[in-house]
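The values are calculated or read from the model by the stated rules, or taken from the named source; none is laboratory data. Quick caveat, the model's predicted, so the values are computed rather than measured. Note that each Cβ is placed from the backbone with ideal geometry, even for glycine, and that neighbours are counted across all protein chains shown. These accessible areas exclude ligands, DNA and RNA; they are computed on the full protein's heavy atoms, side chains included. Shrake-Rupley method; radii C 1.70, N 1.55, O 1.52, S 1.80 Å.
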Amino acid sequence: MPSADLPLEECRAYRPELPLPGGFDAFWSGTLGEAPHDGTANKPRYKQVDCGLPRIRTYDVSVPGYGGRPVRGWLHMPAGATEPLGCVVEFLGYGRGRGLAHEELMWACAGYAHLVMDTRGQGWSAAGGVTADTDPGAAGTVPGFLTRGVESPETYYYRRVFTDAVRCVEAMREHPEVDPARIVVTGVSQGGGIALAVAGLVPGLAGVMPDVPFLCNIPRAARIAGSPPYTEIAAYLRLHRDRTDPVFRTLSYFDAAHHATRATAPALFSIAMMDEICPPSTCFTAYNRYAGPKDLRVYEFNGHEGGTAYHRAEQLAWVRDLFAGLPTAPAHPS
């Protein structure tokens, strides 16, 4: 599809007014500082599974996420590693779950630990999921997740998801086989938006790789995106005509373009110029506002699929060079 958004040169200079909501940092500090709802402080659990792949160790992971509720995932590690590993924590696209244990092995094959976080409540499209969302929000939301709990920042769905993602990074920092100074977060689409949020919420990451990121400049995306899921917001406001201002106020706390202004880790973005799902101007909003060192790959003639295997090669080279410039951590005490 030809691009219906701004041309590339205008996107590169695009810096729209996007007011930060009042109390943004305090809201997130308070959210991440909350104790589990049930008063427990469970530790992450790792159960090794046999995938029939002798060169890869895979673990079924359960991490206490938002409210202490379990968030599942897969942790893949190269067999036979003898020193702390660099780690890639990956967040998934809209509708995807963690899938099967023998999938998504590229990063482990490259010699890194790789945690794939299941997204609560999702897993109905390309890959199944097993993590429930036990806080569905008020009735009357549009099917999907973008208006779930949108009545306030405190009840909004992505408050739980972003917290889950932060907890997964924290779990990897504490893992005895992972170098806590060499952790990169990444994701495609929704996963890219989550990765940007984590980059703004977690100091000291080694890097972030947002790929055709979702949840960026949400007000513009809701008005120009021609395909779901941003259309869920338009459908909600088409019915609730009196809620436009409070809805966009809630969404502003979760806009990855705001979190990008708090992020300082090196970043490798990808943006596709014919993307009707995550319009390129919205992705460029986050890229242009990103506070840390950054690099970009533009796929001018691609839609939301972006660079796919071509971009995976770019990411492999980028992470290799990034980690090569960092000192190797000493082994964890046994």
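Within segment 303-318, the set of residues being out of contact with any helix residue (DSSP H, G or I) (no Cβ under 8 Å at 6 or more places or on another chain) and either under 22 Å from Asp5 (Cβ atoms) or part of a strand (DSSP E or B) (or both) comprises Gly303, His304, Glu305, Gly306, Thr308, Tyr310, His311.
Residue by residue, here is whether (1) in contact with a Pro (Cβ under 9 Å, 6 or more places away or on another chain); (2) under 18 Å from Arg243 (Cβ atoms); (3) open to solvent by 40 Å² or more (accessible area, probe 1.4 Å) holds:
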{"position": "Asp135", "(1), (2), (3)": "no, no, yes"}
{"position": "Pro153", "(1), (2), (3)": "yes, yes, no"}
{"position": "Ala181", "(1), (2), (3)": "yes, no, yes"}
{"position": "Leu196", "(1), (2), (3)": "yes, no, no"}
{"position": "Asp211", "(1), (2), (3)": "no, no, no"}
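Can Leu85 be described as out of contact with any Leu (no Cβ under 8 Å at 6 or more places or on another chain) and closer than 18 Å to Ile56 by Cα? The answer is yes for Leu85.
The residues on offer are Gly204, Gly191, and the sole one that is at pLDDT 95 or above and either of a type in the set (Lys, Arg) or closer than 25 Å to Gly325 by Cα (or both) is Gly204. For segment 207-216, the criterion of a residue being assigned to a loop (DSSP other than H, G, I, E, B), within 14 Å of the chain's Cα centre (by Cα) and without any contact (Cβ under 8 Å) to a residue 60 or more places away in the chain is satisfied by at least one position.
Number of residues in segment 249-277 that are within 21 Å of Ala195 (Cα to Cα) and assigned to a helix (DSSP H, G or I): the value is 10.
Identify, from the list Ala286, Ala263, Ala267, Ala309, the residue that is modelled with pLDDT of 95 or more, open to solvent by less than 30 Å² (accessible area, probe 1.4 Å) and over 17 Å from Pro203 (Cα atoms). Residue meeting the stated conditions: Ala286. Restricted to segment 14-130, the set of strands (runs of 3 or more DSSP E) holding at least 1 residues that are modelled with pLDDT under 95 and of a type in the set (Ser, Thr, Tyr) is empty.
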